[in-house]
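*Asks:* My structure is below; once you've seen it, I'll send some questions.
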Amino acid sequence: DAKTTQPPSMDCAEGRAANLPCNHSTISGNEYVYWYRQIHSQGPQYIIHGLKNNETNEMASLIITEDRKSSTLILPHATLRDTAVYYCIVRAVYMDSNYQLIWGAGTKLIIKP
Amino acid sequence: NAGVTQTPKFQVLKTGQSMTLQCAQDMNHEYMSWYRQDPGMGLRLIHYSVGAGITDQGEVPNGYNVSRSTTEDFPLRLLSAAPSQTSVYFCATQELNSPLHFGNGTRLTVT
C-alpha cells in the first residue's frame, strides 16, 4: 500500500497558486518527502523534497507540518504547462536490500485558463 | 548529455514472444531501476540495481529478468510476454540521496 494519501484531482485557475496536499501519517524519522510530476505520460520529473523544514526552489515550495504527518506542495503562479499528475512519495535516505519507493495514484492537477 | 535513454519507444508483441527493453544512462549513476505503470496508477518497481553486477527484485518481478554488466546499461527482458504485461515501462537512475531521473518510457502492448 502507498504510504501517502492524495486527492485524486484538483483544479486551479491559471496565475493562481496551486496547493496540493499530501498525508503521510506513518512517515518514519529518516524518511524524506519527495514530489514528482508526470506530464502527459512522459517520465516523472522531480520537483522538490524535504525532511522537516520548509523548502523552496525555482519550481515550487514544500510546506511540511511540524509533526511531519502531512505536507503541501505549492506552485506559486500556476500555468497551463503545470497541468500534470503530481506524486507525493516518502523514502528513506539510504538504499538497502529492501529499498523501494511506493507510488500512489497521485493528484491530477488541471490548470484552467 | 542525453540523461536516461529508453528504446524502443513503442512495441507490440504477441503472447509468448520475448524481447528486451533497453535503458542507457550517461550520468554515471550507480543506482538504476525499472518501473511499470498501468493506466491511472502509480509506478511499481520491477527490478533494481545498486551497481554493476548487482541486481535485486522489486515489488512485481515475475516474468522479467535484468542484468547489469556495465554502469551505463540496465536491460529488462520479458521472457514470454503475456497480455498482463501490457504497460508503460520506465527506467530510472539515481545517485545516493538524490532524486530519480527517468527516461521517457517504452509503451508495450501484448496481444
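*Asks:* Which number in (1) free of Cβ contacts under 8 Å to residues at least 40 places away in the same chain; (2) at negative phi marks the one condition that residue B:53 misses?
*Replies:* All conditions pass for residue B:53, except number (2).
*Asks:* Please find, within region A:1-47, the residue that is surrounded by the most Cβ atoms within 10 Å (Cβ to Cβ) out of those that are at positive phi and touching a strand residue (DSSP E or B) at 6+ places or on another chain (Cβ under 8 Å).
*Replies:* A:41
*Asks:* Of the residues that make up region B:4-24, is at least one in a loop (DSSP other than H, G, I, E, B) and within 28 Å of residue A:33 (Cα to Cα)? Break it down into steps so the answer makes sense when it comes.
*Replies:* Residues of region B:4-24 that are in a loop (DSSP other than H, G, I, E, B), as a first pass: B:8-9, B:14-18.
From what's left, within 28 Å of residue A:33 (Cα to Cα): none.
Checking region B:4-24: not a single residue is in a loop (DSSP other than H, G, I, E, B) and within 28 Å of residue A:33 (Cα to Cα).
*Asks:* Go through region A:8-44 and give me each residue that's in contact (Cβ under 8 Å) with a residue 40 or more places away in the chain and of a type in the set (Val, Ile, Thr).
*Replies:* Of region A:8-44, the ones in contact (Cβ under 8 Å) with a residue 40 or more places away in the chain are A:8-25, A:27-28, A:30-40, A:44.
Across region A:8-44, the qualifying residues are A:27, A:33, A:39.
Residue by residue, here is whether (1) in contact with a Cys (Cβ under 9 Å, 6 or more places away or on another chain); (2) assigned to a loop (DSSP other than H, G, I, E, B); (3) among the polar types (S, T, N, Q) holds:
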| position | (1), (2), (3) |
| --- | --- |
| A:12 | no, no, no |
| A:21 | yes, no, no |
| A:26 | no, yes, yes |
| A:77 | no, yes, no |
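*Asks:* A further question follows. Take the residues in region A:1-44 that are charged (D, E, K, R) and modelled with pLDDT under 90; name whichever of them is nearest to residue A:84 (Cα to Cα). Please lay out each step first, then the result.
*Replies:* Within region A:1-44, the subset charged (D, E, K, R) is A:1, A:3, A:11, A:14, A:16, A:31, A:37.
Narrowing further to those that are modelled with pLDDT under 90: A:1, A:3, A:31.
Values: A:1: 23, A:3: 21, A:31: 25 Å.
Among those that are charged (D, E, K, R) and modelled with pLDDT under 90, it is A:3.
*Asks:* So if I check each of A:63, A:47, which one is without any contact (Cβ under 8 Å) to a residue 24 or more places away in the chain, assigned to a strand (DSSP E or B) and out of contact with any helix residue (DSSP H, G or I) (no Cβ under 9 Å at 6 or more places or on another chain)?
*Replies:* Values: A:47 fails: without any contact (Cβ under 8 Å) to a residue 24 or more places away in the chain.
A:63 is the lone residue from the list that is without any contact (Cβ under 8 Å) to a residue 24 or more places away in the chain, assigned to a strand (DSSP E or B) and out of contact with any helix residue (DSSP H, G or I) (no Cβ under 9 Å at 6 or more places or on another chain).
*Asks:* Is one or more of the residues making up region B:26-41 within 10 Å of chain A (Cβ to nearest Cβ) and over 24 Å from residue A:38 (Cβ atoms)?
*Replies:* First pass over region B:26-41, keeping only residues within 10 Å of chain A (Cβ to nearest Cβ): B:30-31, B:33, B:35, B:37, B:39-41.
After this cut, where a residue has to be over 24 Å from residue A:38 (Cβ atoms) as well, the list is B:30.
Scanning region B:26-41, I find at least one residue that is within 10 Å of chain A (Cβ to nearest Cβ) and over 24 Å from residue A:38 (Cβ atoms), so the answer is yes.
*Asks:* So, in region A:86-113, of the ones that are surrounded by fewer than 19 Cβ atoms within 10 Å (Cβ to Cβ) and at pLDDT 85 or above, which residue ends up farthest from the other protein chains (Cβ to nearest Cβ)?
*Replies:* The qualifying residue farthest from the other protein chains (Cβ to nearest Cβ) is A:113.
*Asks:* Would you tally the residues in region B:45-85 being within 29 Å of residue A:37 (Cβ to Cβ) and within 14 Å of chain A (Cβ to nearest Cβ)?
*Replies:* So the count comes out to 14.
*Asks:* Which residues, taken from region B:53-99, are modelled with pLDDT under 95, among the charged types (D, E, K, R), part of a loop (DSSP other than H, G, I, E, B) and under 14 Å from the mean Cα position of the chain (by Cα)?
*Replies:* Across region B:53-99, the qualifying residue is only B:59.
The values are calculated or read from the model by the stated rules, or taken from the named source; none is laboratory data. On a predicted model such as this, the values are computed, not experimentally measured, just so you know. Counting neighbours? That spans all protein chains shown, and the Cβs are built from the backbone with ideal geometry, glycine included.
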